[in-house]
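The values are calculated or read from the model by the stated rules, or taken from the named source; none is laboratory data. The structure presented is a predicted model; accordingly, all values stated were derived computationally and were not measured. Using ideal geometry, Cβ is built from the backbone for each residue, glycine included, and neighbour counts are taken over all protein chains shown.
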Amino acid sequence: MEHNSTFPIKQNELDMLRDEATSYIKSIQWEQGQRAKNKDKDAKDESILLYLSRAKGNGVTDVTSVSKTILELKKRLLPESIAIPICLNQTLYAVQEGITLGIWAKDSYYDSSGLSSLSENRSALDNSGKREYESKMQTATAFMLFSTAYKVLHDLKTVASDDLSVMKNKFAGIPEVSLMSPLKGISCALFYYDKYLGHPEIIKTDKDVIDFTVVYFEALIAEIQMRRGSLEYTETIVDRTYKLANSEFAISGWDNVFQGTAKSVEFNKIQFEQIVGNRDAKHFARRLTERMLSYDFEAKKNPFQELGGFMPVFMGYGIPGTGKSMLIAAIATRLKEHSDNLDIPFLFHPMPDTLISTFQGGSAEKMVDWMKPMQDPSKLIFAPIDDAENNLQERTAQGVSAGVKEVIGVFLRYTEGAYAVNYGNSSIGLFTNLPEMLDKAVISRVQGRFKIDGARTEHDFLDQDHLWWRKLDTTMPDFVNMHGPENYSYLQNQGLAKNMGEIFNVSDKPTEERVLEAYDKAASHFKTNHHLFYANLYKEIQNIFPFFSSRDVRNIQSAVSLRLTDFDLEEDWFNNPEIYFKKDYDTKFNMLQELMRANMKGLDFSEIRRQEVVRYLDNVATIADTDFKRKVDARINQLNIETEAREQFGQKS
């Protein structure tokens, strides 16, 4: 569902609710349910859960005060001082602001869903009215707790420890979550939060307070996400976005940006020089890393986006065994090394293999969870999809699962639709052996493409052997005898190209037959007027390939922009980040414009435009034809086998 309208959350409206929020922190009452008290029977850490469930016998209400517990913590953590410890203070403030925002969200839901008028006329409601009232109360409570927890995470997640696994191991879960009414909901949530805070095993240092609070409110969101399916009357929650004034904080339905953002996936470190051949792919990968590293964290945008050289979605394709997985690792390695050097947070975020779910709607949910972190402007994100044809297969093909269709739907929405946000800090890479099996709409999102064709020359194959046998050569030098040819030193051809022009065997005309025909036809009519020539050529191409659209034309335009920005960043910029990387956005933008101008002196715009059009259209035709060719080849192969079998059979008899 699209989020179609944005509603502001104004600061002065929140100011009026802060007293109510503070009153909950000062004191709430909660009577534990029997199930929560019995939860310690199967707990992983009995001492903590026993401690949580030590209430005064069933049926007796517990009164809890978070602010009192915090004062006791202050005495324990900073016994000699009158001041409140920094993290404790920050946490208390975040929880107060979180509850304030939760109350605002609840009030907003009351008004938009008609719950306010149901409450006012409660005594006169019939049975269906009572049911609706109770149902809306639960949804209001869930939304209030979700908004509270989400705001707390927004304020504390960035200052919490990177690795929360120790705290998660100490944490034994939330024994119960009440959605009966907003008052009961917040009382129950704060009751267990307070119990944990007071536990000497959980909080040993000031930093533990923030870490525990993040773990607790993440768990609260997870509990609410689990019950989402049973909530009714959620239209006014899911079809709008609530945005906090003068802040980046926004609530879009039940979406949780912080889900799954925490950890970068481990990968093997590989340098580009260890990959043989693939000049086009290596060059593209290098440009991608330089462009991502130019992202400005203050301005939350990338100067290369303005120059037209940034690719939110790209594709690498080639036959099996040419180094796709190595290339993914090499891009990740290069980004990680530079990010560490520049002190920038980096997330390596490959699509998991287990994305397609057998449950209806399950794949879409998992895909949203995977796409969501790409909207986090606080880090660089490289998100490869290896063997992309598995999850993004042509939807019209026979036997395509519902899960694949869900995944593609989410992918399209998040790459260019109501949800699409790209700050210039994240890039999704599709890697595939079978580009022709990818969904057409997915391919049309691809703004940069390159071939991964492995070893191609005599020197490439020499180097491939060298890389393999040199391990043996170091331990037993005389055994392999690694002396190479006289005029070539190993790996000298595996370095990076200076620019794309070096790589292309620039052909003047298309190589694909049908494209060439259209090209010649357009050229014969419009020799002098370039713009008319291209307009006519695109029209001809559309007659041959009906799926060719204005998005393809835009992709050609971005390919031309990529060529115009196809210049190296200066070497000393990497060695001294102050020169470029640490500068403000405008300075970076101006420095890049200077480089771009210098680079363009040797280029001819109309020539670059022609080359890119020819490359792209050849590519369209290759992908369209490959599927047909593959079927024909398979059939020929089958006939050959049958013929040979008949012959052999005849000889035997």
Original post:
Quick one: what pairs do we get from the range 334-357, first residue at negative phi, second among the hydroxyl-bearing types (Ser, Thr, Tyr), C-beta under 6 Å, 6+ apart or different chains?
Top reply: Arg334/Thr289; Leu335/Thr289; Phe346/Ser339; Leu347/Ser264; Phe348/Ser264; Ile356/Ser363; Ser357/Ser363
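Each row is one residue, and each column tells you yes or no for (1) within 27 Å of the chain's Cα centre (by Cα); (2) surrounded by 21 or more Cβ atoms within 10 Å (Cβ to Cβ); (3) not in a helix (DSSP H, G or I).
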position	(1), (2), (3)
Tyr150	yes, yes, no
Val159	yes, no, yes
Val166	yes, no, no
Glu176	no, no, yes
Leu179	no, yes, yes
Ala189	no, yes, no
Lys195	no, yes, no
Original post:
Do the conditions hold for Ser187, that is, is it in contact with a Phe, Trp or Tyr (Cβ under 9 Å, 6 or more places away or on another chain), closer than 22 Å to Tyr24 by Cβ and of a type in the set (Gly, Ala, Ser)?
Top reply: yes
Original post:
How do the helices (runs of 4 or more DSSP H) wholly within the range 342-461 filter down when requiring 1 or more residues that are aliphatic (A, V, I, L, M) and modelled with pLDDT under 85: which remain?
Top reply: 362-371
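Here's the yes/no breakdown for (1) within 33 Å of the chain's Cα centre (by Cα); (2) at pLDDT 95 or above; (3) assigned by TED's automatic domain parsing to the domain that holds Gln96:
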| residue | (1), (2), (3) |
| --- | --- |
| His199 | no, no, yes |
| Lys204 | no, no, yes |
| Glu218 | yes, no, yes |
| Gln225 | yes, no, yes |
| Thr241 | yes, no, no |
**OP:** Could you please let me know if Ala140 is on the phi < 0 side of the Ramachandran plot, buried (at least 21 other Cβ atoms within 10 Å of the Cβ) and assigned by TED's automatic domain parsing to the domain that holds Gln96?
**Re:** yes
**OP:** Return a yes/no flag: does the range 353-366 have any residue that is within 30 Å of Trp573 (Cβ to Cβ), surrounded by 21 or more Cβ atoms within 10 Å (Cβ to Cβ) and not aliphatic (A, V, I, L, M).
**Re:** no
Original post:
Could we say that Gln611 is touching a residue at least 40 places away in the same chain (Cβ under 8 Å) and surrounded by fewer than 17 Cβ atoms within 10 Å (Cβ to Cβ) here?
Top reply: no
**OP:** Might you check whether a residue that is within 30 Å of His531 (Cβ to Cβ) and under 30 Å from the mean Cα position of the chain (by Cα) occurs anywhere in the range 601-614?
**Re:** yes
Subject >> Scan of the range 311-326 for residues that are in a strand (DSSP E or B) and either over 20 Å from Ile428 (Cβ atoms) or modelled with pLDDT under 90 (or both), ordered by number >> reply: Tyr317
Original post:
Among the residues of the range 408-423, is any β-branched (Val, Ile, Thr), in the same structural domain as Phe267 (by TED's automatic domain parsing) and more than 25 Å from Lys336 (Cα to Cα)?
Top reply: yes
**OP:** May I ask you to list pairs of residues, at least six apart or on different chains, whose Cβ atoms are under 8 Å apart, with the first in the range 63-90 being in the same structural domain as Ile186 (by TED's automatic domain parsing) and part of a loop (DSSP other than H, G, I, E, B) and the second being of a type in the set (Gly, Ala, Ser) and surrounded by 13 or more Cβ atoms within 10 Å (Cβ to Cβ)?
**Re:** Ser65/Ser27
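Condition check ((1) in a helix (DSSP H, G or I); (2) closer than 24 Å to Pro510 by Cα; (3) of a type in the set (Ser, Thr, Tyr); (4) at pLDDT 85 or above) across all residues:
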residue: Gln593; (1), (2), (3), (4): yes, no, no, yes
residue: Leu603; (1), (2), (3), (4): no, yes, no, no
residue: Tyr616; (1), (2), (3), (4): yes, yes, yes, yes
residue: Asn619; (1), (2), (3), (4): yes, yes, no, no
residue: Thr622; (1), (2), (3), (4): yes, yes, yes, no
residue: Arg630; (1), (2), (3), (4): yes, yes, no, no
residue: Arg635; (1), (2), (3), (4): yes, no, no, yes
residue: Ile641; (1), (2), (3), (4): yes, no, no, yes
residue: Glu644; (1), (2), (3), (4): yes, no, no, yes
**OP:** State whether one or more residues within the range 561-568 are hydrophobic (A, V, I, L, M, F, W, C), buried (at least 16 other Cβ atoms within 10 Å of the Cβ) and not in a loop (DSSP other than H, G, I, E, B).
**Re:** yes
Subject >> Tyr93 part of a helix (DSSP H, G or I) and either of a type in the set (A, V, I, L, M) or surrounded by 14 or more Cβ atoms within 10 Å (Cβ to Cβ) (or both) >> reply: no
Subject >> Whichever residue in the range 298-330 is of a type in the set (Lys, Arg) and surrounded by fewer than 22 Cβ atoms within 10 Å (Cβ to Cβ) and, among such residues, is farthest from Met591 (Cα to Cα) >> reply: Lys300
**OP:** May I ask you to verify whether Thr333 is of a type outside the set (Asp, Glu), farther than 18 Å from Thr587 by Cα and in a helix (DSSP H, G or I)?
**Re:** yes
Original post:
Where residues in the range 526-553 are modelled with pLDDT of 85 or more and either in the same structural domain as Arg449 (by TED's automatic domain parsing) or of a type in the set (D, E, K, R) (or both), which of them is surrounded by the fewest Cβ atoms within 10 Å (Cβ to Cβ)?
Top reply: Lys539
**OP:** Taking the options Glu298, Glu266, name whichever one is farther than 24 Å from Gly318 by Cα and at pLDDT 80 or above.
**Re:** Glu298
**OP:** Kindly indicate which of Met596, Met600, Met591 is aliphatic (A, V, I, L, M) and farther than 30 Å from Tyr538 by Cβ.
**Re:** Met591
Original post:
Does Gly253 qualify as being touching a helix residue (DSSP H, G or I) at 6+ places or on another chain (Cβ under 6 Å), more than 30 Å from Gln593 (Cα to Cα) and not assigned by TED's automatic domain parsing to the domain that holds Asp62?
Top reply: yes
